[in-house]
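Working notes, beginning with the structure itself.
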Amino acid sequence: MSFNRRDLLQGSGAAAMAAMLPGTAFGATGADSAATALLEKTAETIFDDYPEAAAGLGLDKGKRAALKSRLSNRGPAGKADATHRARTVLAKLNKIDTATLSPAVRTNVEVVRTAYQRATEGYALPYGDVATLTSGWRNSPYAVAQNVGAYLDIPQLLNVDHRIDTPADADAYLARMIAYAGQIDGEAERVRAAGAMGVRLPDFALAQCLKQLEIARSGPVEQWSIVTSLAERTAKMPGDFAARAARIATDKIAPALAGQIAALEGQKAATTSDAGMWKLPQGDAYYAWALQAATTTTMTPDEVHAMGRDELARLHARMDVILKAEGYTQGSVGARMTALSKDPRYLFAEGDPGRAEIMAYLRDKLKDIRARMPQAFETLVPGFVEVTRMSPAAEPGAPGAYGGAGSIDGKEPGRFWINLGSTSRWTRYSLPDLAYHEAIPGHAWQGEYTFKQPLIRTLMSFNAYSEGWGLYAEQLADELGVYDDFPAGRLGYLQSLAFRACRMVVDTGIHAKRWTRDEGIAFFVTENGSNPLEVRSEVERYCTWPGQACGYKLGHSRINQLRDKAKAALGERYDFRKFNDAVVLGGNVPMTVLDGVIDRHIAARKA
């Protein structure tokens, strides 16, 4: 499967790609053309609001070159502009009669309309950070937290995504440094406004956030990563870019960071350890929205909580059989997994030697799984991904890992970011599964299929699909035999699924049932044998990203339900590889839209 990427970037690839989606027919009707034109225009408005999205895909060049000097406005005015634009676009999308569209274009409209509907609902709430237009994976009631804020996002964007090939690119980098200071100021303004409404971080999250902000501004500015990165990449260019970057860091970024720290410090006296959304004004309404945005379902917190407990019991029953076969017969599943985690056979060395071992181990696992991909897919992508350590400054408040695809033009690889702040959080039986989730056939692999979608579909992702696919990718690796000679590795895989079931219980427990942070941590450790070091940052993440953690297992379960449906409907015509193709080629969609994608796949296979 191939197409002209230049056509995609120029906006004419939407029709060509839609014709190739599984189980669809594309008619060049006037309604299709009008709807496609609106979607193409909408993609450009997203870049206007979020120039960072173009940088990540390598699209801030050519007709979009002006975006390379810009960043989004994270202040109150920026949020107001984005709110107005989202409502305007949604009104136009709602006027489209989807019954007049071909199946592929109807899917595109349904996907984009769902994203804008969720976004406008989020913007209607009086506080918070709404990310549903470019990424459905993280919404937060807080403008700045230990895992939210420009101080985390922009240095990584500048150091990794901002390409520098010419002096003009370096000038754009400097312009973005100035814009970065403006973002920090804008966030500080929103922090103060939210604090006046009673919206403040829990005390433990505030302490961690302040610690990380102090790290971000510590040391001579000449040694800051955003300065050294530019200095290294422009060393042979005229223009003295390193000195100019240092001046911007001194005159603008450092004062902005100090102002943001002061805004957060001013809230210390009024903070408490209460972690859930229930403590905030309109907190129940915010959590209901965040849960629906994260899962693209209408399930209530109670329903999600109960499903998490049921899934956990089912997975533990499978783990129990393997544990007994491995000689771990006494105690709960969680207790036995805790004992397994201390087995020296599965541990890495401490410090830099262990970090080097982990990086080599992960690269070896990715090499092996890449070779197995033809067994699972008919339509293959390159799987261009690199294993990269997270910035040490970000590691204390960051998740264990995350990953995604690279640039559309194929010049920049996807990244599998691994948190190596402490090597003791990882074991040899848990890391392979992580590689399959974040890289191949998980996020980086699936993300490359989105490059074959109309541009606006490439920009949008939905948490339940993205993370549901990540877990399904773990399942595919198991089904491809990676653990056939490694029972402990299969335990790591099943523990990973159980971990996601625990997330459903803990996230809803904290935000809807008034659990404390410590109760959430204890549930993970006791029920699943999880590493307390890993779990602490996990649970604190749920406190500031409400609902997000519930999308993983919900999405995974739905993909498997649809696979069972396809098997039952198709009988001998069911094809494992063709089903997997249908899921990835249909694109990143709300789970309600995925139902239609698979229905069309079933109809096409029957025909």
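Just a few scattered comments:
- Number of the exception - GLY195 against (1) surrounded by fewer than 24 Cβ atoms within 10 Å (Cβ to Cβ); (2) at pLDDT 95 or above; (3) under 30 Å from ASP60 (Cα atoms): (3)
- The residue pairs whose first member lies in segment 428-457 and is closer than 30 Å to ALA349 by Cβ and of a type in the set (Ser, Thr, Tyr), whose second member is part of a loop (DSSP other than H, G, I, E, B) and open to solvent by 10 Å² or more (accessible area, probe 1.4 Å), and whose beta carbons are closer than 9 Å, counting only pairs six or more residues apart or on different chains, are TYR429/SER341; TYR429/ASP343; TYR429/PHE486; SER430/SER341; SER430/ASN531; TYR436/VAL482.
- Subset of segment 205-256 that is closer than 11 Å to MET177 by Cα and touching a residue at least 60 places away in the same chain (Cβ under 8 Å) - its residue that is most open to solvent (accessible area, probe 1.4 Å): LYS252
- Residue, modelled with the lowest pLDDT, within segment 573-592, restricted to residues that are among the β-branched types (Val, Ile, Thr) and open to solvent by less than 10 Å² (accessible area, probe 1.4 Å): VAL589
- Evaluation of GLY529 against the conditions (1) on the phi < 0 side of the Ramachandran plot; (2) modelled with pLDDT under 95 shows that the sole unmet condition is (1).
- Criterion (in a loop (DSSP other than H, G, I, E, B) and in contact with an Asp or Glu (Cβ under 9 Å, 6 or more places away or on another chain)) met by exactly one of ALA143, ALA181, ALA131, ALA172: ALA143
- Filtered residues of segment 168-184 (kept if out of contact with any His (no Cβ under 8 Å at 6 or more places or on another chain) and more than 12 Å from LEU71 (Cβ to Cβ)): ALA168, ALA170, ASP171, LEU174
- The one condition from (1) crowded, with 19+ Cβ neighbours inside 10 Å; (2) more than 18 Å from TRP469 (Cβ to Cβ); (3) touching a residue at least 24 places away in the same chain (Cβ under 8 Å) that LYS606 does not meet is (1).
- Matching residues in segment 308-326 - criterion: being over 18 Å from ARG500 (Cβ atoms), acidic (Asp, Glu) and loosely packed, with under 15 Cβ neighbours inside 10 Å: GLU326
- Tabulated pairs, segment 310-326, first more than 13 Å from GLY529 (Cα to Cα), second loosely packed, with under 15 Cβ neighbours inside 10 Å, C-beta under 8 angstrom, 6+ apart or interchain: ILE322/PRO487; ALA325/PRO487; GLU326/PRO487
- Highlighted here are the helices (runs of 4 or more DSSP H) found entirely within segment 431-521 that include at least 3 residues which are farther than 26 Å from THR297 by Cα and open to solvent by less than 10 Å² (accessible area, probe 1.4 Å): 431-438, 487-512.
- Near pairs, Cβ below 6 angstrom, 6+ apart or cross-chain, from segment 42-62 (under 14 Å from THR88 (Cβ atoms) and open to solvent by 10 Å² or more (accessible area, probe 1.4 Å)) to any residue that is polar (S, T, N, Q) and part of a loop (DSSP other than H, G, I, E, B): none
- In the set ALA293, ALA285, only one residue is part of a helix (DSSP H, G or I), touching a residue at least 12 places away in the same chain (Cβ under 8 Å) and either open to solvent by 60 Å² or more (accessible area, probe 1.4 Å) or in contact with a Gly (Cβ under 7 Å, 6 or more places away or on another chain) (or both); that residue is ALA293.
- So LYS68, is it open to solvent by 40 Å² or more (accessible area, probe 1.4 Å) and modelled with pLDDT of 85 or more: no
- Tally of residues being loosely packed, with under 14 Cβ neighbours inside 10 Å and in a loop (DSSP other than H, G, I, E, B) across segment 267-280: 2
The values are calculated or read from the model by the stated rules, or taken from the named source; none is laboratory data. Values in this document were obtained by computation on a predicted structure and should not be read as measured data. Cβ atoms come from the backbone with ideal geometry, glycine included; neighbour counts cover every protein chain shown. The area values use the complete protein model at the heavy-atom level, side chains included, leaving out ligands, DNA and RNA. Shrake-Rupley method; radii C 1.70, N 1.55, O 1.52, S 1.80 Å.
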